[in-house]
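Student: Here it is, the structure in full.
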Amino acid sequence: MPINATLVIGSGTMGRGIAQVAATAGLTTYVFDANAAQLAAAQADIEKSVTKLAEKQKITAEQAAAARRNLKPCNSLDEIQWGGVGIAIEA
């Protein structure tokens, strides 16, 4: 069974890296953190990072845009569509 979505629990340094890789790989990537400020900072950091990767031509602009669309920050576990999540990673 293919994995189409992932859940990353925690948006610190490791969670951000894991989420960025998953989103760039084409997975719908839910990132959960109870700390709203940390979650917002993680989203901004990931978006900035994929933009830089596109500028350096490590990924295409389309891949960067897709990664940003795939990223789904969540302040509550109720926001996650559990039926599509194939893997959860606690960071």
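The values are calculated or read from the model by the stated rules, or taken from the named source; none is laboratory data. This one's a predicted model, so the numbers in the text were calculated from it and none came from an experiment. Neighbour counts are summed over all protein chains in view; Cβ atoms, including those assigned to glycine, are modelled from backbone coordinates with ideal geometry. Ligands, DNA and RNA are stripped out before the accessible areas are found, and what is left, the full protein with its side chains, is counted by its heavy atoms. Shrake-Rupley method; radii C 1.70, N 1.55, O 1.52, S 1.80 Å.
Student: Scan the range 70-81 and report the pairs whose first residue is within 13 Å of residue 37 (Cα to Cα) and in contact (Cβ under 8 Å) with a residue 24 or more places away in the chain and whose second residue is open to solvent by less than 80 Å² (accessible area, probe 1.4 Å) and part of a strand (DSSP E or B), with Cβ atoms within less than 7 Å and a gap of 6+ or a chain change.
Tutor: From the range 70-81, the pairs are 73/31; 74/30; 74/31; 74/32.
Student: Right, another one. Would you mind telling me which numbered condition in (1) outside any helix (DSSP H, G or I); (2) open to solvent by 40 Å² or more (accessible area, probe 1.4 Å) residue 59 fails?
Tutor: (2)
Student: How many of the residues in the range 16-36 are of a type outside the set (A, V, I, L, M) and either at pLDDT below 95 or out of contact with any strand residue (DSSP E or B) (no Cβ under 7 Å at 6 or more places or on another chain) (or both)?
Tutor: Total satisfying the criteria: 7.
Student: Every residue in the range 31-56 that is in contact with a Gly (Cβ under 8 Å, 6 or more places away or on another chain) and part of a helix (DSSP H, G or I), please.
Tutor: 38, 42
Student: Next question, about the same structure. Would you be able to tell me the number of residues in the range 6-21 that are crowded, with 17+ Cβ neighbours inside 10 Å, within 10 Å of the chain's Cα centre (by Cα) and of a type outside the set (Val, Ile, Thr)?
Tutor: Residues flagged as crowded, with 17+ Cβ neighbours inside 10 Å, within 10 Å of the chain's Cα centre (by Cα) and of a type outside the set (Val, Ile, Thr) within the range 6-21 amount to 6.
Student: While we're looking at this one, here's another question. Name the residues in the range 62-91 that are surrounded by 12 or more Cβ atoms within 10 Å (Cβ to Cβ), basic (Lys, Arg) and part of a helix (DSSP H, G or I), would you?
Tutor: Across the range 62-91, the qualifying residue is only 68.
Student: Kindly indicate whether any position in the range 22-30 is of a type outside the set (Val, Ile, Thr), more than 18 Å from residue 90 (Cα to Cα), open to solvent by 60 Å² or more (accessible area, probe 1.4 Å) and assigned to a loop (DSSP other than H, G, I, E, B).
Tutor: Scanning the range 22-30, I find at least one residue that is of a type outside the set (Val, Ile, Thr), more than 18 Å from residue 90 (Cα to Cα), open to solvent by 60 Å² or more (accessible area, probe 1.4 Å) and assigned to a loop (DSSP other than H, G, I, E, B), so the answer is yes.
Student: Also, quick follow-up: Please enumerate the residues belonging to the range 1-21 that are in a loop (DSSP other than H, G, I, E, B) and farther than 19 Å from residue 35 by Cα.
Tutor: Those that are in a loop (DSSP other than H, G, I, E, B) and farther than 19 Å from residue 35 by Cα: 1, 2, 3, 4.
Student: Residues that are among the hydrophobic types (A, V, I, L, M, F, W, C), at pLDDT 95 or above and open to solvent by 70 Å² or more (accessible area, probe 1.4 Å): does the range 40-51 have at least one?
Tutor: Scanning the range 40-51 turns up no residue that is among the hydrophobic types (A, V, I, L, M, F, W, C), at pLDDT 95 or above and open to solvent by 70 Å² or more (accessible area, probe 1.4 Å).
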